[in-house]
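Each remark here refers to the structure printed beneath this line.
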Amino acid sequence: MRRPFLSVLLIAVFASAADAGLGQSAGAPAEISADLGSCSALITVTDADAKPVYGAKVTARVQYGMMGVKKLDLEAYTGADGKLKIDRLPETLKKPLVIHIEKDGKSNQVEFNPGLRCRATFDVQLH
């Protein structure tokens, strides 16, 4: 008698967890955190027809610390909406952070300078 109840309970828990996860990810872009500050960069990647690009590879090397000696390599992919948020970037950098975006042999790059805009948004078209 306990096994059917336990099975139903587990199914209900997993179903509600799956629904909660789908609800959260539908509105928020994919996200990666550098854990180095309070700035962020929101990147929206589109193709030549202005359609969102899913699975575009976004990479960046953050150089921080005294004389930029410490390095942090970031890599993530855009979501179905073509967006990726790089969160918790440093407020100051010696030189702008170059963010590289590529998919299927097409690429582009943008420069993030937290001194100019701490919370930057970039619309990137791959070509």
Select from the stretch 64-91 the residues that are over 18 Å from residue 122 (Cα atoms) and either among the hydrophobic types (A, V, I, L, M, F, W, C) or touching a residue at least 24 places away in the same chain (Cβ under 8 Å) (or both) and list them in ascending order. 64, 66, 67, 68, 69, 72
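On the basis of being on the phi > 0 side of the Ramachandran plot and in contact (Cβ under 8 Å) with a residue 40 or more places away in the chain, does residue 55 make the cut? Walk me through how you get there before you give the answer.
On the way: on the phi > 0 side of the Ramachandran plot: yes; in contact (Cβ under 8 Å) with a residue 40 or more places away in the chain: yes.
Yes: the conditions hold for residue 55.
Restricting the search to the stretch 89-108, which residues are assigned to a strand (DSSP E or B) and in contact with an Asp or Glu (Cβ under 9 Å, 6 or more places away or on another chain)? Steps first, please.
Going through the stretch 89-108, the residues assigned to a strand (DSSP E or B) turn out to be 89, 97-103, 106-108.
Listed by number, the residues that qualify are 97, 98, 99, 103, 106, 108.
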Among the residues of the stretch 92-112, count how many are exposed (fewer than 14 other Cβ atoms within 10 Å of the Cβ) and either in contact (Cβ under 8 Å) with a residue 60 or more places away in the chain or in contact with a Pro (Cβ under 8 Å, 6 or more places away or on another chain) (or both). 2
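Quick one: in the stretch 9-63, of everything that is among the polar types (S, T, N, Q), more than 23 Å from residue 127 (Cβ to Cβ) and modelled with pLDDT of 90 or more, which residue is surrounded by the most Cβ atoms within 10 Å (Cβ to Cβ)?
Step one: filter the stretch 9-63 for residues among the polar types (S, T, N, Q), giving 16, 24-25, 33, 38, 40, 44, 46, 59, 63.
If we keep only those that are more than 23 Å from residue 127 (Cβ to Cβ) as well, we get 16, 24-25, 33, 38, 40, 63.
Pick out the ones that are also modelled with pLDDT of 90 or more and you get 33, 38, 40, 63.
Numbers: 33: 13, 38: 12, 40: 20, 63: 15.
Restricting to residues being among the polar types (S, T, N, Q), more than 23 Å from residue 127 (Cβ to Cβ) and modelled with pLDDT of 90 or more, the top hit is 40.
Within the stretch 68-88, identify whether any single residue is part of a strand (DSSP E or B) and hydroxyl-bearing (Ser, Thr, Tyr), and answer yes or no.
In the first step, residues of the stretch 68-88 are kept if they are part of a strand (DSSP E or B); the result is 70-77, 83-88.
When the remaining residues are screened for being hydroxyl-bearing (Ser, Thr, Tyr), the result is 77.
Yes; the residues of the stretch 68-88 include at least one that is part of a strand (DSSP E or B) and hydroxyl-bearing (Ser, Thr, Tyr).
The values are calculated or read from the model by the stated rules, or taken from the named source; none is laboratory data. Keep in mind the model is a prediction, meaning the values are calculated, not measured. Here the Cβ is made from the backbone with ideal geometry for all residues, glycine too, and neighbour counts use every protein chain on show.
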